[in-house]
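The next block holds one structure in the form of C-alpha cells; read it before the comments.
The values are calculated or read from the model by the stated rules, or taken from the named source; none is laboratory data. All values reported here derive from a predicted model rather than from experimental measurement. So basically every Cβ, Gly included, is an ideal-geometry build from the backbone, and we count neighbours across all protein chains shown.
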Amino acid sequence: MKTIVCKNPNNFEVAEVEKPVLKKGEALIKMKRIGICGTDIHAYHGRQPFFSYPRVLGHELAGEIVELSNETDLFEIGNKVTIIPYLECGECIACRNGKTNCCVNLQVLGVHTDGGMQEYLNIPYSHLIKVDELSFEQAATVECLSIGAHAVRRASIQKDEWVLVIGAGPIGLGVMQFAMNAGAKVIMLDRSAERLAFCKNWAASVYIVNGGGDVLQHIKDITNGDMPTVVFDATGNAQSMNEAYQFAAHSGRLVYVGLVQADLQFPDPEIHKRELTILSSRNATRQDFNTVITALKEKKFNVAPFITNIVPFDNLPCDFEKIFSAGNSNIKVLIELL
C-alpha cells in the first residue's frame with residue numbers, strides 16, 4: 001500500500017509498505033479523508049514539539065472498516081468511522097482520573113507514532129466511533145472540532161458570558177462555534193481581515209476585532225468596559241500567548257488551546273490583580289468527540305464552508321507547500337483517498 005512519509009523537515013516521500021496485520025481487538029480501516037492541521041504543518045517544517053522523524057503524519061481521520069480481527073457487536077465491515085487518535089496507556093494518574101487526553105505516556109497518531117497518511121490503518125476498536133450518518137468530509141473534521149469542544153468544556157462557560165477567541169484558524173473557529181453553542185457572546189480576534197470575514201459569514205452573531213487596530217479599546221467598547229470573562233488563545237504564537245492576559249476580565253479565565261515550542265512569561269501583578277485562572281487544554285476525549293458528532297448530526301452549524309480544499313492523496317507531496325504558502329486563504333484542507 002502507499003504511504004506518505006515525512007522523512008525529515010520539508011521533505012515528503014511516497015513509499016510502498018506492507019498492509020498492516022491486525023491484532024485482536026483491531027479493525028483495518030480504509031482511509032477516505034485526512035484533515036491537515038497546524039500540527040502537521042509545524043511537523044513538516046520542523047517546528048512541532050514532541051516529534052521525531054521519519055513519521056507518517058495525519059490524525060484527523062475518516063475511513064471505512066474493511067476487516068475486523070474478531071467478532072464484535074460494536075462494528076461491522078462497511079461502517080463509516082472517525083478515529084480517536086490519542087492512544088492512552090490506561091494506567092497512569094491522568095488515565096485513572098478519566099483524563100486520557102493528557103495521558104503521561106500518550107501516543108498520538110501522526111505525532112508520536114505513524115498516522116493516517118496511508119491507504120490502510122489498523123486501529124483498536126476502543127478508538128473508533130461509528131459515524132454512518134455523516135459524510136466522510138464531516139467525519140474528517142470531528143477531531144479538529146473536538147479540540148475546540150474540549151477547550152470550551154474546560155472553561156465551564158456560562159450563558160451570556162463574554163468570550164474572546166484569539167486566532168481564527170481551524171481550532172479557533174471550533175472554539176467559537178462551541179462557545180456560541182454554550183450560550184456565550186463571542187468576540188473573534190485575528191490580524192487577517194479575510195479570516196474575520198469568514199467568521200462573520202459562518203456565524204453572523206459573532207463580534208470581530210482586527211488585531212491591527214486598538215484592540216484593547218475595541219474589546220472594552222464591545223463589552224461595555226467589563227472585558228471578556230473567558231479568553232481562549234488558539235494561535236500557537238508565543239507573543240500572542242504572552243499578551244493574552246491583558247484581555248481577560250478581573251476574576252476571568254485564560255485558556256491556552258494552541259501549543260508553542262517556547263517559554264511563556266507574564267507580569268505577576270497583572271495576573272494577581274485579576275485573580276486570573278490560567279488553564280491549558282490538550283487534545284480531546286470521547287465525550288468531546290460525541291459532542292461534535294451530535295452537533296453535526298443535529299446541523300447546529302454547517303461544516304461545508306470550513307472545508308476549503310480537498311487534495312488527492314497522490315498530489316500532496318508536490319502540492320503541500322503551495323497549499324499552505326503565506327497568504328493562502330485555506331481554512332481546512334482534506335486529503336482524499338478513493
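Only a single criterion out of (1) part of a strand (DSSP E or B); (2) crowded, with 20+ Cβ neighbours inside 10 Å is not satisfied by A149, namely (1). Regarding G78, is this residue free of Cβ contacts under 8 Å to residues at least 60 places away in the same chain, closer than 30 Å to T235 by Cα and not in a strand (DSSP E or B)? Taking the combined requirement at face value, the residue does not satisfy it.
So is P312 out of contact with any Leu (no Cβ under 7 Å at 6 or more places or on another chain), over 30 Å from V14 (Cβ atoms) and exposed (fewer than 15 other Cβ atoms within 10 Å of the Cβ) or not? Answer is no for this residue.
Looking only at strands (runs of 3 or more DSSP E) that fall completely inside the range 251-330, which ones have 1 or more residues that are under 30 Å from E16 (Cβ atoms)? Quick ask: steps written out before the conclusion?
Details: elements: 253-256, 277-280, 307-312.
In the range 251-330, 307-312 are the strands (runs of 3 or more DSSP E) which contain 1 or more residues that are under 30 Å from E16 (Cβ atoms).
Residues of the range 235-245 that are of a type outside the set (A, V, I, L, M), crowded, with 18+ Cβ neighbours inside 10 Å and in a helix (DSSP H, G or I): S240, Y245. Within the range 286-307, is there a residue that is of a type in the set (A, V, I, L, M, F, W, C), farther than 29 Å from C102 by Cα and within 21 Å of the chain's Cα centre (by Cα)? Yes: one or more hits.
Candidates are the residues of the range 36-60 that are surrounded by fewer than 23 Cβ atoms within 10 Å (Cβ to Cβ) and on the phi > 0 side of the Ramachandran plot; the one that is farthest from the chain's Cα centre (by Cα) is G46. Please verify whether the range 270-280 includes one or more residues that are at positive phi and either exposed (fewer than 13 other Cβ atoms within 10 Å of the Cβ) or not hydroxyl-bearing (S, T, Y) (or both). Scanning the range 270-280, I find at least one residue that is at positive phi and either exposed (fewer than 13 other Cβ atoms within 10 Å of the Cβ) or not hydroxyl-bearing (S, T, Y) (or both), so the answer is yes.
Candidates in the range 211-234 are the residues that are in a loop (DSSP other than H, G, I, E, B) and touching an Asp or Glu at 6+ places or on another chain (Cβ under 9 Å); of these, the one that is farthest from A248 (Cα to Cα) is G211.
Checked against the criterion of being touching a Pro at 6+ places or on another chain (Cβ under 8 Å) and modelled with pLDDT of 95 or more, the candidates N97, N105, N122 yield just one match: N122. Taking the range 77-99 as the range and being under 17 Å from the mean Cα position of the chain (by Cα) and surrounded by 21 or more Cβ atoms within 10 Å (Cβ to Cβ) as the test, the residues that pass are T82, I83, I84, P85, Y86.
Just checking: which of the strands (runs of 3 or more DSSP E) contained wholly in the range 1-70 hold 3 or more residues that are closer than 21 Å to Y86 by Cβ?
Values: elements: 2-8, 11-16, 26-36, 60-68.
Because the criterion is at least 3 residues that are closer than 21 Å to Y86 by Cβ, the strands (runs of 3 or more DSSP E) in the range 1-70 that meet it are 26-36, 60-68.
When the range 238-285 is filtered for residues that are in contact with a His (Cβ under 9 Å, 6 or more places away or on another chain) and at pLDDT 95 or above, the ones remaining, listed by number, are V257, K273, R274, E275, L276, S281, R282, N283, A284, T285.
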